[in-house]
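Working notes, beginning with the structure itself.
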Amino acid sequence: MNRLLIIWVWVVFIVAGINSCGVKKFIPEGEQLYTGGEVEIESEVKIRDRKEVEGELNELLNPEPNSKILGMRIGLWAHYKGSQENPGFINRFLKDKLGEEPVYFSEVSPEKTEELIYNRLENRGFFYSMVESEVFKKEKFTSVQYHAALTEPYLLEKYEVGRDSLPVEKKIAELLEETDIKPGMRFDLNALKDERVRLDEALKLEGFYNITPDFLIFEADTNNYEEKKFDLFVRIKQNAPEKSIIPYVIKDINVYPNYSLQGQEENPDTVEVSNIKFMQDELVFKPELLEQYILFEPGQKYSSQTSRRTSSRLTSIGSYRYVNIQFDEEDTTRSGDGEGLLEANIFLSPLKKRTVRAELQGISKSNNFAGPGVLLTFRNRNLFKGGETFNLSMNLAYETQIAGGDRSGLSSFDAGIKGDLIFPRVVFPISIKERFSYSVPKTKVSLGVEFMNRVGLYRLNSISASYGYSWNANRYVYHEINPINLSYVNLSRTSPEFEEILDGNPFLRRSFEQQFIAGVNYIFNYNQLGDPERTHSIFVGTTLDFAGNTVNLLNQAFAGGERSFLGLEYAQYAKGDVELRYHFKLSEDHVIASRLFGGLGLPYGNSLSLPYVKQYFSGGPNSIRAFRIRSLGPGTFRPAEYNIGSFFDQAGDIRIEGNLEYRFPIVSILQGAVFTDAGNIWLANENEALPGGKFTSDWFNELGVGIGFGLRVDIQFFVIRFDLASPIRKPHLPEGERWGNDFALQDKTWRRENLIFNFAIGYPF
């Protein structure tokens, strides 16, 4: 505690030193430090979006003044100190990392800023407004106050097409039914620009291949009104070329499935499927399968959206490095219809068919387990010439407990092999001709074998198999359903020590004895977090998992209600969880990220608890970071000793967690974060071996809470994360003693138990 007090005293002295010294004495003679400006608006009429207009005008003020933190210009102070003669190492370092170049009033032009404000007001419909500025000087500091007196704005009376004699103008008239420009709105140049882009995009969906926003113009007419009202007309420019005002139809479609960037094959073999020509000498991709990914067809009107989605579908197959769709105009038009003709050429450049990848991994966990790992992956793309991908992965890993403190030394060895066969289409016993326009659905078949050896305790062998489908409904929504999801777990070669643990905890024994799991699961995700331009973004994830129902029905019907299937005891449970994330973007690099998670598993019928591999756990780098992985809960339970028993028991059927994190930049690729986490796990049924573990109505008094800070190295492609956290609420302590932490940093035992270091890849949420 004394060390922490000393640190705070030093911080106070440094801040006080910066504040007392200030920057005034460093400002050169003849210069005034620019401290900023502000725009105030006034108007005799009510302005509906007054704050928005005022904020937009304040954004025009340039340059930005030097930043202040707690009223101090630390960056400017660091620049001045580091720019002195013989500044010393510390001052040079502070200048490089924190320094800001001074912004003087000589760089500011109030007159030019007035012009910018005036022009912006005219663009927003406030014509002939008055703008003036006032300069305030105090010692060596100068600020500017801008005053804008807004006139009554012009309001829209009606909005229509200037003429409708051309086909394109008739189409525009139809599109005006969906416009955001409504009578009563103020004249707004930005709104007109957005409307022109909207019309351009909508016309491209209707076949107008050569239309551009520049060919669309607006005319405002105030002659019909004595009041400040205007009519708005949109029309095509008089000198717009003819090809820009006619719709286009696709005449021919040519596909090159084995296109090389060096050029296409000479005189390739041609196969025609559904009036689409596929040109390839060697059969690289079966034409009848490739045709399913192309959404346009001969005789169809050109649509930019159909072209984009076709390109996206072809890319999502996973077999092609480049997808390039080109449209060539023909000189002739379709007789009698006044429509242009297009030839569509689709060039597909394949990826390398076979790849092998090896990864050497270093495993580090917050429960002091560490060790090496190896992952080998073989991939074969386009296995059966229909875009199928075959992945074969093999892993080997060894972990041992280091610096375990009171815990016994433990180690484990894991090995596994898994094969995935992914079809870029729906594979079903009944033929399904899908036309998912946004993306290609995937069918995935998986089979895996895993061997786990907890040295001195037990061996666990497992076999898993699944069959399911996944697809993106749109850019935000993802679905995955696995109607067949099987796993067989065999616990073998248990040691006397582990048998003693199982004898003392029947629920744990039952969770290991549930050898056969046969179920169905469904995953739904709605994700906006990938949109960098959003201020508010959310993620909603839901997982549903049911097991044992079909097997139980079959047993009831044909086996007289047997509790086993093919001699294997099977698990019965229903499990579901929901995860909510919300990111609030304060600025480009400052984000407040929050997360809520709730999960519930209900064992029934054949099961007293969830199978061990399906249980929840709490604590670790992606959970409550102030508690080691699997070390929190269930409920108020804690093992009498941190020994081999704690290696298994701390899992449950119910999980509730919440996280709040503030992320901010430090320097270059280094980001910082401060966070707080809260949560726990519980049991659905009473377990005498785990007293205090059952979920009750008093659950909120059994939450573990931690605080911490982190560093993140953001290298564009991935993020390396370091988090240091400490608990401030420990649910295993008696009521009345759970809150608090003495932060005895000088105590080695306290540091070992209360400073939890987490290393991970990627953000936690």
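Restricting to helices (runs of 4 or more DSSP H) lying wholly in segment 48-112: which have 2 or more residues that are under 30 Å from M130 (Cβ atoms)?
So the answer is 50-58.
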Taking segment 723-758, which residues are open to solvent by 10 Å² or more (accessible area, probe 1.4 Å), part of a strand (DSSP E or B) and either touching a Pro at 6+ places or on another chain (Cβ under 7 Å) or within 15 Å of F675 (Cα to Cα) (or both)? L724, I728, R729, F757
In segment 589-644, how many residues are of a type in the set (V, I, T), under 24 Å from P764 (Cβ atoms) and open to solvent by 10 Å² or more (accessible area, probe 1.4 Å)? 4
Within segment 679-722, which residues are of a type in the set (F, W, Y) and surrounded by fewer than 23 Cβ atoms within 10 Å (Cβ to Cβ)? F695, W699, F700, F709, F717, F718, F722
Q326 passes all but one of the listed conditions (1) closer than 30 Å to F759 by Cα; (2) modelled with pLDDT of 85 or more; (3) of a type outside the set (V, I, T); (4) open to solvent by 70 Å² or more (accessible area, probe 1.4 Å); the exception is number (1)
Residue count, segment 149-171, condition polar (S, T, N, Q) and closer than 30 Å to K243 by Cβ, comes to 1
Any chance segment 217-235 includes a residue that's free of Cβ contacts under 8 Å to residues at least 24 places away in the same chain, in a strand (DSSP E or B) and surrounded by 15 or more Cβ atoms within 10 Å (Cβ to Cβ)? yes
Counted residues, segment 128-172 - those being loosely packed, with under 14 Cβ neighbours inside 10 Å and in a helix (DSSP H, G or I): 1
Within the set of pairs 6 or more residues apart or between chains, which connect a residue that is more than 16 Å from L192 (Cβ to Cβ) inside segment 114-125 to a residue that is among the acidic types (D, E) and open to solvent by 20 Å² or more (accessible area, probe 1.4 Å) with Cβ atoms less than 8 Å apart? E114/E132
If we ask which residues in segment 588-630 are at pLDDT below 85 and of a type in the set (S, T, N, Q), their number turns out to be 3
For segment 567-576, what are the residues that are assigned to a strand (DSSP E or B) and open to solvent by 30 Å² or more (accessible area, probe 1.4 Å)? L568, E569, K575
From the options I669, I656, residue that is open to solvent by 20 Å² or more (accessible area, probe 1.4 Å), touching a residue at least 12 places away in the same chain (Cβ under 8 Å), over 17 Å from L632 (Cβ atoms) and β-branched (V, I, T): I669
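The values are calculated or read from the model by the stated rules, or taken from the named source; none is laboratory data. Just so it is clear, the model here is predicted, and its values are computed rather than measured. Every residue, glycine as well, gets a Cβ built from its backbone with ideal geometry; the counts of neighbours run over all protein chains shown. Note: areas computed on protein heavy atoms with side chains; ligands, DNA, RNA excluded. Shrake-Rupley method; radii C 1.70, N 1.55, O 1.52, S 1.80 Å.
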